[in-house]
Amino acid sequence: MRLFQNANYPFVEKRYIFFVISAVLIVASILGIIIKGINWSTDFTGGVSIVINMQPKDKQVPPLEIEHLREVINDAGFKEAEIQFIGDPSNATFQIKVGGEDVNKIRDQITEVLTTKLPEYVQGRDLQTDVIRQVDVVGAKAGMEMRNNAIMAVLISMVFMIIYIWVRYEFTFGLMGIVALFHDVIILVGVFAFTQKEFTMTILAAILTLVGYSINDTIVIYDRIREDLKIYRKDSVPIIFNRAINKTLGRTVITGSTTFATAIALYFFGGPVIHDFALAMSLGIIIGTYSSIFIASNLVLETFVHTRTEKQAIKHLTKKK
Amino acid sequence: MRKYSWLTPVSILIFVLGTLIFLSPLFVPEDVNWPIKQKLKLGLDLRGGTQIVLTVVTKDLPEADKAAAVENNIRIIRNRIDQFGIAEPTIQKMGESDILVQLPGVKDPIAAENLIMKSAVLEFKLVAEPEIAEKFINQIDAIIQENLYKFPVLAKLAEEDKALAKAGADTVKAGEGIFKSLITTTERDFAVRYEDLDIVRSLLQDSTFVNLKPKGYDLVLESVDEKKKASREPVVLYVLESTPQLKGTDVDRASMEIGPSDSPNPQIANKPYISLTFTRTGARKFANCTGDNIGRRLAIVLDNTVYSAPVIQDRIPDGKAMITGQFTEQEAKSLAILLNNESLSAPIEPKYSTQVSATLGEDSIKSGFRAGLIGILAVIIFMALYYKGAGLIADFVLIFNVGFILAAMTIFGGTLTMPGIAGIILTIGMSVDANVLIFERIREELDAGRTPSAALNAGFKRATVTIMDSNLTTLIAAIVLYQFGTGPVKGFAVTLSIGIVGSMFCAIVFARYIMEKTMIKPGKTTMSI
């Protein structure tokens with residue numbers, strides 16, 4: 001079995017269709033990010049930590065299961081709540097961390113949930129001193145400083161990637177490879193803005209993974225273009241570009257599929273915790289693969305057409321290194 | 001067929017053995033004495049750990065600096081406990097000035113506390129001139145005598161002394177208080193008898209004492225090393241000017257060094273010491289300080305302990321200094337690390353530490369593992385079906401690649417969290433890429449009519465260029481992320497680099513070796529690919 005053995009799709013000829021699709025997606029994403037904003041999770045914003053004791057007064061009541069408490073708190077709308085036993089589990093003391101700024105409101109909400117959903121554990125006890133032991137505002141685990149630092153680090157790494165591709169290939173290739181990366185990242189962040197899904201530290205990791213994946217994918221095609229430019233010296237540049245994309249199509253789709261298979265398995269079977277991460281990854285692989293096939297090398301070609309730097313670039317590209 | 005040097009099989013052997021050795025602790029029961037101790041930890045989300053709450057003491061700071069000091073301490077603590085960004089601690093500000101730290105799987109909260117609390121506050125302070133020092137000691141003696149009721153331990157001691165005096169022993173000289181009775185002298189300094197060390201040390205830390213003590217000068221003990229412990233010699237008690245001449249922030253770089261055995265300085269001959277290079281302003285300050293105070297002694301104070309107090313012989317213009325003392329190599333090394341990282345902006349005190357359980361339920365953990373297994377199996381089955389024999393070889397090295405990632409994370413002190421596991425599973429999906437590139441190339445070469453052996457060689461040769469270029473670009477990005485990122489971003493870069501290196505080695509060296517050994521036979525014209 002061979003996928004795309006003699007593929008010959010007109011990727012280059014039809015490039016304007018994909019440019020338009022991408023432009024629409026990017027504009028929509030940027031609008032989404034501006035208008036709806038990003039729903040930063042407690043990883044970045046901080047929240048409230050509440051320590052509660054759930055030792056029932058009535059000795060007949062069985063000890064509260066942590067899973068049950070998780071369910072109750074999650075159902076009350078605190079989706080990203082982090083719940084741990086603190087100290088020995090037999091003391092039935094729990095630490096609940098939830099997002100939000102209004103300490104008093106959250107305290108009231110949690111109190112309300114506990115009294116209505118788990119009355120047997122709080123009956124006959126003083127709510128404000130005995131059940132709720134401590135309430136604190138907690139800072140972000142990562143913080144905006146770290147977020148800005150991450151963005152900075154990614155930008156610097158992009159500069160270095162351009163330089164490497166410039167040296168090994170040619171400047172236009174490097175620049176457009178990074179433009180394609182921006183394209184991928186903006187669209188993925190746009191999806192998170194539109195759906196208002198929480199943007200956690202893990203989602204940031206997914207985006208970083210996407211950056212690595214997408215540039216990898218793009219360079220494989222660049223590499224084929226470089227090779228073919230040396231072999232088919234008589235063919236025109238668009239034909240060489242199109243052939244290179246088609247020849248690597250099998251590999252691009254297979255690698256995309258194996259990675260996508262693992263991501264989608266995590267999405268469907270991985271449980272709620274890695275659900276959003278798996279979603280980001282699955283989407284990221286689709287976007288990254290799409291941009292490598294349809295956008296990155298087509299942008300290089302388009303630049304050549306407009307700037308007439310083609311001859312120079314090809315000379316640089318095919319000289320022996 | 002390509003001739004192999006001994007290098008290939010040896011590197012494969014090292015790769016496999018190294019992986020097995022560093023993963024071995026996972027399979028050896030706890031009670032067996034196994035030489036390799038470091039083990040891949042499970043994260044807070046999977047296993048829980050220890051929670052330590054610390055208070056930043058900000059009362060001595062101006063109001064405006066308090067918040068910044070807490071934030072700064074959080075950052076420094078993070079650097080200390082998470083050097084490579086993959087230890088996965090939780091560090092958060094809590095309330096106004098508390099810091100909540102959760103460490104995965106820590107069994108010894110005291111040791112963890114110590115690591116966090118180590119402040120490594122370095123100061124250079126002038127030793128007071130003898131007559132001033134004497135006056136200062138007398139002042140303190142008088143003050144303590146006046147306020148003896150505030151110091152129950154000393155009061156009790158005084159009672160005992162009085163009783164002894166009545167019985168005829170003449171330990172308390174006229175006009176001298178209890179404090180002076182604790183002090184002896186060495187050739188040029190005051191000192192504390194070894195048996196009184198604990199009493200004096202707790203007195204110096206007592207906040208009542210600190211508040212009563214006249215301002216301008218401080219009492220600081222010298223460091224007590226093993227030799228001193230053995231000989232029980234008196235420990236020098238220095239009287240130092242309170243205002244430091246230089247601080248840790250003036251140090252640009254600190255490193256552990258071992259003096260040459262023929263060094264004329266007996267303090268460093270064959271001994272580990274810390275060499276310091278000052279910053280530009282630090283160097284200027286140091287030159288001025290040494291120039292203005294020739295003949296006086298400059299104490300090098302680390303964490304409120306005097307390590308040495310050499311006499312200033314001459315102005316030192318080159319901005320270099322060293323801390324000598326009876327360090328072990330390990331001590332000198334960890335001190336240098338602490339000095340290179342900033343010291344804490346304000347002291348911290350532990351409030352309490354306690355065990356915490358996992359943040360994820362059993363269910364989530366189980367489903368995470370199940371999903372990972374399904375994903376990996378899908379990849380393995382696909383590779384075997386699509387690339388047949390070659391696919392099986394790719395599957396075989398894939399298992400070692402996963403092992404390598406886990407082993408390398410162990411070496412870097414990594415912690416496995418749920419998102420981390422998801423990341424590794426994704427890496428597996430991606431790492432077959434190198435194999436796919438090679439196999440596709442070999443197929444193309446076979447299509448072009450080459451023999452299996454020639455196709456294999458040509459395929460590997462061409463694909464290696466592609467793999468190098470694409471992976472090196474990503475690796476460069478990872479190195480930059482490591483260099484400029486903090487915390488989890490750094491950790492991501494480490495895991496990414498490990499994954500890239502592992503998959504490149506597995507595809508280009510390991511898989512190729514097996515393919516050439518098993519798939520290429522003289523006279524064979526087909527290839528299972």
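A few comments on the model shown:
- Within region B:109-131, the residues that satisfy the criterion of being at pLDDT 70 or above, charged (D, E, K, R) and either outside any strand (DSSP E or B) or open to solvent by 50 Å² or more (accessible area, probe 1.4 Å) (or both) are B:E113, B:E129, B:E131.
- Conditions (1) crowded, with 20+ Cβ neighbours inside 10 Å; (2) modelled with pLDDT under 95: number failed by A:K197: (1)
- Test: residue in region B:507-519 that is in contact with a Leu (Cβ under 9 Å, 6 or more places away or on another chain), assigned by TED's automatic domain parsing to the domain that holds B:I405 and open to solvent by 50 Å² or more (accessible area, probe 1.4 Å): no
- Meets criteria (modelled with pLDDT of 80 or more, of a type in the set (V, I, T) and open to solvent by 90 Å² or more (accessible area, probe 1.4 Å)) for B:I300: no
- B:V16, sole failed condition from (1) more than 27 Å from the chain's Cα centre (by Cα); (2) part of a helix (DSSP H, G or I); (3) not assigned by TED's automatic domain parsing to the domain that holds B:Q483: (3)
- Top-ranked residue of region A:77-86 - restricted to ones that are within 26 Å of the chain's Cα centre (by Cα) and on the phi < 0 side of the Ramachandran plot, ranked as nearest to the other protein chains (Cβ to nearest Cβ): A:E82
- Any hit, region B:337-353, residues being over 30 Å from B:V239 (Cα atoms), open to solvent by less than 40 Å² (accessible area, probe 1.4 Å) and modelled with pLDDT of 85 or more: no
- Hits in region B:63-102 (condition: under 19 Å from A:T45 (Cα atoms), free of Cβ contacts under 8 Å to residues at least 60 places away in the same chain and of a type in the set (G, A, S)): B:A67, B:G95, B:S97
- Test set (1) at the interface with another protein chain (Cβ under 9 Å from one of its Cβ atoms); (2) farther than 22 Å from B:V509 by Cβ - B:G449 fails condition number: (1)
- Of the set (1) farther than 23 Å from B:L406 by Cα; (2) open to solvent by 30 Å² or more (accessible area, probe 1.4 Å), all apply to B:L42 but (1).
- Comparison of A:I30, A:I38, A:I34 shows that the only residue that is away from every other protein chain (no Cβ under 14 Å), part of a loop (DSSP other than H, G, I, E, B) and either closer than 30 Å to A:G288 by Cβ or touching a His at 6+ places or on another chain (Cβ under 6 Å) (or both) is A:I38.
- Among (1) more than 12 Å from chain A (Cβ to nearest Cβ); (2) assigned to a helix (DSSP H, G or I); (3) surrounded by fewer than 19 Cβ atoms within 10 Å (Cβ to Cβ) - the single one B:P522 does not satisfy: (2)
- One residue alone among B:S453, B:S431, B:S497 is buried (at least 24 other Cβ atoms within 10 Å of the Cβ) and either small (G, A, S) or out of contact with any Gly (no Cβ under 6 Å at 6 or more places or on another chain) (or both), and that residue is B:S431.
- Taken over region B:72-108, the criterion of being touching a Ser or Thr at 6+ places or on another chain (Cβ under 6 Å), of a type in the set (A, V, I, L, M) and modelled with pLDDT of 85 or more is satisfied by B:L103 alone.
- Close contacts from region B:126-138, counting a first residue that is assigned by TED's automatic domain parsing to the domain that holds B:P214 and a second that is loosely packed, with under 14 Cβ neighbours inside 10 Å, with Cβ to Cβ under 8 Å and a gap of 6+ residues or different chains, come to B:P130/B:R188; B:F136/B:P214.
- Note on region B:73-115: residues that are hydroxyl-bearing (S, T, Y) and more than 17 Å from the chain's Cα centre (by Cα) amount to 1.
- Taking residues in region B:351-370 that are more than 23 Å from B:P89 (Cβ to Cβ) and at the interface with chain A (Cβ under 7 Å from one of its Cβ atoms), and partners anywhere that are modelled with pLDDT of 85 or more and surrounded by fewer than 20 Cβ atoms within 10 Å (Cβ to Cβ), the pairs with Cβ atoms closer than 7 Å and at least 6 places apart or on different chains are B:S367/A:F269; B:R370/A:F269.
- Exclusive hit being modelled with pLDDT under 85, closer than 30 Å to A:A140 by Cβ and basic (K, R), set B:K3, B:K59: B:K59
- Region A:99-211 holds helices (runs of 4 or more DSSP H) entirely within its bounds, and those carrying 1 or more residues that are without any contact (Cβ under 8 Å) to a residue 60 or more places away in the chain, within 14 Å of chain B (Cβ to nearest Cβ) and under 14 Å from the mean Cα position of the chain (by Cα) map to A:143-168, A:171-195.
- Matching entry among A:N74, A:N91 (being more than 36 Å from the chain's Cα centre (by Cα) and either within 18 Å of A:V122 (Cβ to Cβ) or assigned by TED's automatic domain parsing to the domain that holds A:E120 (or both)): A:N91
- The residues of region B:70-97 that are open to solvent by less than 60 Å² (accessible area, probe 1.4 Å), within 14 Å of chain A (Cβ to nearest Cβ) and assigned to a helix (DSSP H, G or I), listed by number, are B:V70, B:N72, B:N73, B:I74, B:I76, B:I77, B:R78, B:I81.
- Residue list for region B:408-418, restricted to those being buried (at least 24 other Cβ atoms within 10 Å of the Cβ) and either assigned to a helix (DSSP H, G or I) or touching a Ser or Thr at 6+ places or on another chain (Cβ under 7 Å) (or both): B:M418
- Region B:441-458 residues that are in the same structural domain as B:A507 (by TED's automatic domain parsing) and in a helix (DSSP H, G or I), paired with ones that are surrounded by 17 or more Cβ atoms within 10 Å (Cβ to Cβ) and basic (K, R) (beta carbon under 7 Å, 6 or more apart): B:R441/B:R462
- Count of residues meeting criterion [facing another protein chain (nearest Cβ under 7 Å) and either open to solvent by less than 30 Å² (accessible area, probe 1.4 Å) or in contact with a strand residue (DSSP E or B) (Cβ under 9 Å, 6 or more places away or on another chain) (or both)] in region B:373-396: 3
- Note on region A:218-321: enclosed helices (runs of 4 or more DSSP H) holding 2 or more residues that are buried (at least 21 other Cβ atoms within 10 Å of the Cβ) and more than 10 Å from every other protein chain (Cβ to nearest Cβ) are A:237-247, A:275-290, A:297-307.
The values are calculated or read from the model by the stated rules, or taken from the named source; none is laboratory data. Keep in mind that what you see is a predicted model, and the values were worked out from it rather than measured. A quick note on method: Cβ atoms are made from the backbone with ideal geometry, for glycine too, and the neighbour counts reach across all protein chains shown. When the accessible area is computed, the model is the full protein with side chains, heavy atoms only, and any ligands, DNA or RNA have been set aside. Shrake-Rupley method; radii C 1.70, N 1.55, O 1.52, S 1.80 Å.
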